[in-house]
Amino acid sequence: MRDATTMAVMALVLAAGCSGGEGREPVEPKPEPVEGAPPPSPHADGTVPGVTGEPRVGEREPSPSPAPAPAPLAPYSPWIAPPVYGPPGGMATPVLTAPSTGISVKWKAEIGVTTYKSTIHYHDGRIIVGSNGSSWKDSQDARDGLYILDPADGSIDLQFVPPGTGEKDVNGVALGKDLIFLGTDQDNLYAVDWTGSVKWQTTLVGDVEAAPALADLDGDGKLDVAVGSEGGVMYGIGGKKGKTLWSVKATAGYYNSPAFVGAAALGDVTGDGIADVFVPSRDAVFRAIDGKTGKLLWSHQGGSGMHGAPILVDADGDGQLEVIFTESYSEVRSADASTGVIEWHVELTNPDGGIEGLFGPVGWYPEAGCALVSTAWWAASEGVYCLAGTSGAMLWRYNESKGNISSGAVVGDVDGQPGSEAVFGTESGKLVAVDTSGVPVRMYELGGAIECTPTLADIDGDGLVEILVASNDGFIRALETDGVAPPVIGYHRGDSHNAAVF
């Protein structure tokens, strides 16, 4: 736990949220801060006036203090890498790398904007991505929906626009053999075939912000859907007809928000052959749910809401799965997935002092043996942490001085040299690839903020890895790299089912 002086400094520096962690009380909800206004001074007790619980990262409201726009660059020009903090195990003098080479644009296609909850899939010779349209703020527009693109040139083979009224924004998408599963801000979950024909539609309690995840939950040999709603209900939905198999309700929580906005991870820990469901919620509770019955296996009560999607991985090499999950305010935990026993717990501190905002999906870097955790709190120094899977120790922290990092990371060869790189985006519009020591080896400037986790795949069969990346200038791009080895983790949720088991 931090002392009172440190807590006061945190409140003064951030002025955009309350400190989280074990035993901490949340700030009482108050009116939203005014964009561009100076930060309020803290009260004597260290709390900050004008705070409304947690910030909304990558959603429809802008950050309280948006980072300034980057200086104009020539289109798609290579970028000189910013400082990184090393060596492994601590902070040290920043190290600059040489200008990046080896990345070029293959094509780009206009699809609209994406969020940190969006997915990009390359599957069966097609690229599949959901869109929030021309703007998150528009209730609906012509670019909302699901896109299927031709990997040869990015041309749009299909745009599925959900029927009916209301917001038709689409974030995450999960793929079965014959069906595509997606949720919308109409409070609906859809199953559509590859021609865009709706096979079934189910109305949930609230928007579907999180990506659906697929597994056979009822033992009938067909894929079913595990998905949460912003209204605070986690569902198991039958894949054949869209009937509810079970549901779990969240509580109002500290911020009067029960929302399930982080995607679930799916893996069998009960030994019944049915995947179990591991899911965070904004009510500050992380839940492990029996995938067959919907009964609670275990839960962890946190100190702040939970937005970031977790992963399942044998992080310590003992042959048993751990689940690694985050709380919005600085906390990262690894728990035994079967029992919920916390195996390690890390409370991160921004280099400038104060909270690290954890909203994006957790990643895994096998070659480095670490969980990758990105930060987004509108501070001067955001980053990506490499936390040892065995202990949570910080092996290194990539530092970003120009804005949030809400993207997750994927892993593969993008420089043609031995070993893999972790690839992620920043909200300052940079695509970054770092090696196992956290040093950037490739970097590329795009035309808008990158929230959506990139995807790695050889989409044209030429033996070189492409990076599929969507930015909030409204375009998705295919970037050619020098990478020759098949991707290690090509999708941030692991596979086309979004199960997130690594």
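The values are calculated or read from the model by the stated rules, or taken from the named source; none is laboratory data. In this text, all values refer to a predicted model and were calculated from it rather than measured experimentally. With ideal geometry, Cβ positions are generated from the backbone for all residues, glycine too; neighbour counts draw on all protein chains shown. Side chains are part of the model used for accessible areas, which takes the heavy atoms of the whole protein and leaves out ligands, DNA and RNA. Shrake-Rupley method; radii C 1.70, N 1.55, O 1.52, S 1.80 Å.
Within region 429-482, take every residue that is of a type in the set (D, E, K, R) and more than 27 Å from GLY133 (Cβ to Cβ) and give me the one that is farthest from the chain's Cα centre (by Cα).
Residues of region 429-482 of a type in the set (D, E, K, R): 430, 435, 442, 445, 451, 458, 460, 462, 466, 473, 477, 480, 482.
Narrowing further to those that are more than 27 Å from GLY133 (Cβ to Cβ): 435, 442, 458, 460, 462, 480, 482.
On the way: ASP435: 20, ARG442: 21, ASP458: 23, ASP460: 27, ASP462: 29, GLU480: 23, ASP482: 26 Å.
Here the answer is ASP462.
Within region 133-175, being open to solvent by 30 Å² or more (accessible area, probe 1.4 Å), modelled with pLDDT of 95 or more and within 19 Å of the chain's Cα centre (by Cα) holds for no residue. Residues that are open to solvent by 30 Å² or more (accessible area, probe 1.4 Å) and part of a loop (DSSP other than H, G, I, E, B) within region 387-413 comprise THR390, SER391, ALA393, SER401, LYS402, listed in sequence order.
Just to verify a result, which residue in region 274-302, among those that are of a type in the set (S, T, N, Q) and surrounded by fewer than 24 Cβ atoms within 10 Å (Cβ to Cβ), is farthest from TYR255 (Cα to Cα)? If you could, list the steps in order and put the result at the bottom.
Residues of region 274-302 of a type in the set (S, T, N, Q): 281, 293, 299, 301.
Pick out the ones that are also surrounded by fewer than 24 Cβ atoms within 10 Å (Cβ to Cβ) and you get 293, 299, 301.
Details: THR293: 29, SER299: 19, GLN301: 14 Å.
Filtering first and then ranking leaves THR293.
Of all residues in region 204-262, count the ones that are polar (S, T, N, Q) and either modelled with pLDDT under 95 or in a loop (DSSP other than H, G, I, E, B) (or both).
The first filter runs over region 204-262 and keeps only residues polar (S, T, N, Q), leaving 229, 244, 247, 251, 256-257.
Remaining after also requiring either modelled with pLDDT under 95 or in a loop (DSSP other than H, G, I, E, B) (or both): 229, 251, 256-257.
Matching residues across region 204-262 total 4.
Please verify whether VAL384 is open to solvent by less than 10 Å² (accessible area, probe 1.4 Å), touching a Pro at 6+ places or on another chain (Cβ under 7 Å) and of a type in the set (A, V, I, L, M), treating the condition exactly as stated. So VAL384 fails the test. THR339 fulfils the conditions (1) touching a strand residue (DSSP E or B) at 6+ places or on another chain (Cβ under 8 Å); (2) closer than 30 Å to ASN188 by Cβ; (3) polar (S, T, N, Q); (4) open to solvent by 60 Å² or more (accessible area, probe 1.4 Å) except for a single criterion, (2).
Kindly check whether there is at least one residue in region 302-312 that is among the hydroxyl-bearing types (Ser, Thr, Tyr) and under 19 Å from the mean Cα position of the chain (by Cα). Outline the logic, then answer.
Step one: of region 302-312, the residues among the hydroxyl-bearing types (Ser, Thr, Tyr) are 304.
In the following step, the residues that additionally are under 19 Å from the mean Cα position of the chain (by Cα) were identified as 304.
Yes, region 302-312 has at least one match.
Being part of a strand (DSSP E or B) and among the basic types (Lys, Arg) narrows it down to one of LYS177, LYS199, so name that one.
Numbers: LYS177 fails: part of a strand (DSSP E or B).
The match here is LYS199.
I want to confirm something. Restricting to region 176-205 and keeping residues that are of a type in the set (A, V, I, L, M, F, W, C) and touching a Lys or Arg at 6+ places or on another chain (Cβ under 9 Å), which single residue is surrounded by the fewest Cβ atoms within 10 Å (Cβ to Cβ)? This residue is VAL205. Only one entry of ALA81, ALA109 meets the criterion of being within 30 Å of MET394 (Cβ to Cβ) and either surrounded by 13 or more Cβ atoms within 10 Å (Cβ to Cβ) or at pLDDT below 90 (or both), and that entry is ALA81.
Within region 115-126, residues that are part of a loop (DSSP other than H, G, I, E, B) and surrounded by fewer than 17 Cβ atoms within 10 Å (Cβ to Cβ) have Cβ atoms under 9 Å from residues that are of a type outside the set (Ser, Thr, Tyr) and modelled with pLDDT of 95 or more in these pairs: ASP124/LEU175; ASP124/TRP194; GLY125/ASP150; GLY125/PRO151; GLY125/ILE459, counting only partners at least 6 apart in sequence or on another chain.
From the residues in region 344-356 that are closer than 15 Å to MET394 by Cα and in a loop (DSSP other than H, G, I, E, B), which one is nearest to the chain's Cα centre (by Cα)?
Filtering region 344-356 for residues closer than 15 Å to MET394 by Cα gives 344-351, 356.
Remaining after also requiring in a loop (DSSP other than H, G, I, E, B): 348-351, 356.
On the way: LEU348: 18, THR349: 20, ASN350: 19, PRO351: 22, GLU356: 15 Å.
Filtering first and then ranking leaves GLU356.
Criterion applied to THR455, THR481 was being open to solvent by less than 20 Å² (accessible area, probe 1.4 Å) and under 18 Å from THR115 (Cα atoms), and the one residue passing it is THR455. Across region 342-352, the number of residues qualifying as open to solvent by less than 20 Å² (accessible area, probe 1.4 Å) and either modelled with pLDDT under 95 or of a type in the set (A, V, I, L, M) (or both) comes to 2. Among residues of region 353-371 being open to solvent by less than 10 Å² (accessible area, probe 1.4 Å) and hydrophobic (A, V, I, L, M, F, W, C), the one that is farthest from VAL501 (Cα to Cα) is ILE355.
Residues checked against (1) under 20 Å from ALA485 (Cβ atoms); (2) of a type in the set (A, V, I, L, M); (3) touching a strand residue (DSSP E or B) at 6+ places or on another chain (Cβ under 8 Å):
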site	(1), (2), (3)
MET394	no, yes, yes
ASN399	no, no, yes
GLY408	no, no, yes
GLY412	yes, no, yes
PHE424	yes, no, yes
LEU431	yes, yes, yes
THR436	yes, no, yes
CYS452	no, no, yes
GLY463	yes, no, no
